[in-house]
Each structure stands twice: as structure tokens, then as C-alpha cells.
1. Using all C-alpha to C-alpha distances in the chain, build P(r) with 5 Å bins and read off the rounded percent in each one.
2. Stretched out fully, how many nm does the piece from residue 26 to residue 43 gain, at 0.36 nm a residue minus the Cα gap?
3. Given the peptides 5-18, 29-42, arrange them by the average over their residues of other C-beta atoms within 10 Å, most packed first.
4. Starting from the Kirkwood radius over alpha-carbon pairs of segment 1-45, derive D by Stokes-Einstein at 20 °C in a medium of 1.002 mPa s and give it in µm² s⁻¹.
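Values quoted throughout were computed directly from the atomic coordinates according to the rules given, and no laboratory measurement underlies them. Predicted model only: the values in this text are computed from it and were never measured. Note: ideal-geometry Cβ built from the backbone for every residue, glycine included; neighbour counts use all protein chains shown.
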């Protein structure tokens with residue numbers, strides 16, 4: 001199944017990042033495993049200040065979603 005991930009970056013000074021960003025989606029059956037958010041469907045430069053980025057994450061059917069974990073690697 002393909003999950004659409006919408007990321008809204010804040011409007012404060014310094015809100016954007018050039019770091020690598022990762023997501024794990026948790027559901028009632030299992031989790032997606034960690035996925036890097038690499039290609040925004042809406043912007044060439046992802047995670048810029050005051051911007052919405054949309055990503056596709058392919059994963060097994062997770063059931064009812066229970067939580068997500070987002071992290072970055074501090075590279076940017």
C-alpha cells in the first residue's frame with residue numbers, strides 16, 4: 001500500500017533543513033520500517049521554511065495507524 005506523507009515546515013526563522021529526514025509509521029499490525037523522505041512530489045527543494053512537501057511511502061498494510069516517528073541525521 002502507498003501512504004501519502006504531508007510534511008508542513010514551520011514559518012520561524014531557521015525552520016527548514018537540508019538534513020536527511022526519515023519516517024517510521026506504526027500501525028495495529030506492524031510498522032513500516034524506517035524510510036528516508038527523499039523525493040517531494042510538490043517541491044524540488046524539500047523541507048524549506050513555510051512549505052508543504054508530499055512524499056510517498058510504500059509499506060505493507062499496517063492496519064489502523066497508531067503513531068509516527070520522524071527523525072533527521074543532523075547533516076544539514
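1. 3, 16, 25, 24, 16, 10, 5, 1
2. On the way: separation 17, 0.36 × 17 = 6.12 nm, distance 2.61 nm.
Length difference between fully extended and current span is 3.5 nm.
3. Numbers: 5-18: 12.4, 29-42: 14.1.
Ranked by mean Cβ neighbours within 10 Å, highest first: 29-42, 5-18.
4. Values: Rh = 12.6 Å.
Result for D is 170 µm²/s.
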